[in-house]
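Presented below is the structure to which this report refers.
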């Protein structure tokens with residue numbers, strides 16, 4: 001049996017995973033995005049990245065977000081943004097900090113505990129999805145995708161993350177399928193199981209692939225030729241990252257001078273859209289009315305944003321009232337204008353770095369691709385499609401490659417490919433593209 005690789009992308013809003021054989025000629029039928037979310041509502045490939053500490057239980061995923069929304073009036077929130085925590089300068093210290101009262105009113109857990117709990121839930125969901133797919137073997141090489149933060153030490157980051165996954169696997173073995181129950185797990189049980197799992201844990205054998213390298217892997221699949229340089233614009237929920245990769249000697253190398261990260265991304269756009277909708281709802285005058293409407297808008301945000309990106313406007317019916325928001329409204333917002341200006345400057349810098357390196361090489365060419373949940377945003381597509389004034393031309397690549405439209409996926413993969421791109425690219429990438437670690 002051929003060796004398989006599974007890559008995890010635990011994003012700010014959603015976690016994703018995909019598997020593919022490591023030693024076979026590429027065939028779209030062998031690309032297996034995992035259906036982590038069994039809920040009838042929502043996308044089956046996207047698992048909400050959230051943990052909520054309730055009065056006596058700990059909830060995960062969609063259940064965590066729903067419960068947090070119902071308790072917004074008590075200033076309770078779910079823990080999200082795991083990826084941004086990993087960018088802390090002193091990661092071990094950040095993990096040992098107690099969770100704030102808004103997340104854990106019991107003051108029973110540190111950030112490490114809650115992340116290990118979520119990773120145990122994620123690993124349980126991955127195992128459930130893997131077992132349901134007859135094509136994916138039980139023994140599989142594991143890797144995860146993460147940004148290449150400026151000044152970051154990949155080996156040091158990887159050692160910490162592999163340790164977290166090791167603790168999470170030990171916890172998963174202890175708690176089993178209870179992790180996947182809609183009602184979550186007993187809080188006291190979790191508090192008891194965590195230190196025992198930590199004692200039993202061994203660092204997980206797994207690889208780290210930088211997200212830009214994963215994007216390069218999937219964009220070059222199925223092409224007779226691909227550019228010598230690739231600019232990657234990755235707009236997720238919590239951050240927007242840009243990177244430039246150079247292909248030489250059958251390997252990808254990042255041009256570190258080009259790397260840029262913004263804290264404004266999908267969540268920033270969500271707040272702008274909801275705020276604009278709230279301002280247009282002049283009938284919502286009380287704090288209770290505004291809080292309820294805001295919660296409804298945020299729950300509907302994936303559909304609102306998709307309609308806005310596709311059609312330039314979106315509508316939401318709430319309590320027999322119709323609320324309309326247009327993309328033009330958002331583009332007139334001063335905060336958005338400032339973000340777009342910074343985004344354009346950062347992309348121009350990436351183009352300059354790529355062009356400068358390309359001019360030093362023979363037969364060089366530059367491509368650009370957008371990935372992540374914001375890949376379809378008109379201003380992102382305009383960014384990578386903009387004409388260059390001089391030097392090697394920058395050719396935009398589609399966010400969704402042609403092979404994702406293969407009939408073997410029944411039309412289910414292409415619409416969500418930009419959100420799954422990093423997990424899929426990470427699974428397809430050869431070992432020489434890993435930033436740290438390796439095969440199990």
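The table that follows gives values for the structure above.
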item: Answer from 34, 79, 24 - the residue that is at pLDDT below 90 and crowded, with 17+ Cβ neighbours inside 10 Å; result: 79
item: Extreme residue, nearest to residue 86 (Cα to Cα), among residues of the stretch 99-157 that are assigned to a helix (DSSP H, G or I) and at pLDDT below 90; result: 157
item: Yes/no for residue 234 being in contact with a helix residue (DSSP H, G or I) (Cβ under 7 Å, 6 or more places away or on another chain), surrounded by fewer than 23 Cβ atoms within 10 Å (Cβ to Cβ), touching a residue at least 24 places away in the same chain (Cβ under 8 Å) and on the phi < 0 side of the Ramachandran plot; result: no
item: Any hit, the stretch 52-59, residues being at pLDDT below 90 and in contact with a helix residue (DSSP H, G or I) (Cβ under 6 Å, 6 or more places away or on another chain); result: no
item: Given (1) within 21 Å of the chain's Cα centre (by Cα); (2) part of a helix (DSSP H, G or I), number of the condition residue 93 does not satisfy; result: (1)
item: Filter pass, residue 189 being under 22 Å from the mean Cα position of the chain (by Cα), at pLDDT 90 or above and assigned by TED's automatic domain parsing to the domain that holds residue 52; result: no
item: Members of the stretch 69-90 that are touching a residue at least 24 places away in the same chain (Cβ under 8 Å) and part of a helix (DSSP H, G or I); result: 69, 72, 73, 82, 83, 84, 85
item: Residue in the stretch 340-360 that is surrounded by fewer than 19 Cβ atoms within 10 Å (Cβ to Cβ) and under 21 Å from residue 306 (Cα atoms) present; result: yes
item: Selected residue (only one of 8, 58 is assigned by TED's automatic domain parsing to the domain that holds residue 118, outside any helix (DSSP H, G or I), more than 19 Å from the chain's Cα centre (by Cα) and crowded, with 18+ Cβ neighbours inside 10 Å); result: 58
item: The listed residue being more than 30 Å from residue 141 (Cβ to Cβ), touching a helix residue (DSSP H, G or I) at 6+ places or on another chain (Cβ under 8 Å), in a helix (DSSP H, G or I) and modelled with pLDDT of 85 or more, out of 417, 379; result: 379
item: Residue tally, condition buried (at least 19 other Cβ atoms within 10 Å of the Cβ) and at pLDDT below 90, over the stretch 309-328; result: 1
item: Hits in the stretch 158-187 (condition: exposed (fewer than 14 other Cβ atoms within 10 Å of the Cβ) and touching a residue at least 60 places away in the same chain (Cβ under 8 Å)); result: 182, 183
item: Answer from 122, 114 - the residue that is under 19 Å from the mean Cα position of the chain (by Cα), crowded, with 23+ Cβ neighbours inside 10 Å and more than 25 Å from residue 4 (Cα to Cα); result: 114
item: Pick from the stretch 237-261, criterion assigned to a helix (DSSP H, G or I) and surrounded by fewer than 19 Cβ atoms within 10 Å (Cβ to Cβ), ranking: modelled with the lowest pLDDT; result: 256
item: Among (1) at pLDDT below 80; (2) not in a loop (DSSP other than H, G, I, E, B), the one test that residue 384 misses; result: (1)
item: Residue in the stretch 2-15 that is in contact with a strand residue (DSSP E or B) (Cβ under 9 Å, 6 or more places away or on another chain), without any contact (Cβ under 8 Å) to a residue 24 or more places away in the chain and more than 16 Å from residue 128 (Cβ to Cβ) present; result: yes
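The values are calculated or read from the model by the stated rules, or taken from the named source; none is laboratory data. Only a predicted model underlies this, so the values are computations on that prediction, with no experimental measurement involved. Ideal geometry is used to build each Cβ from the backbone, glycine not excepted, and the neighbour counts take in all protein chains shown.
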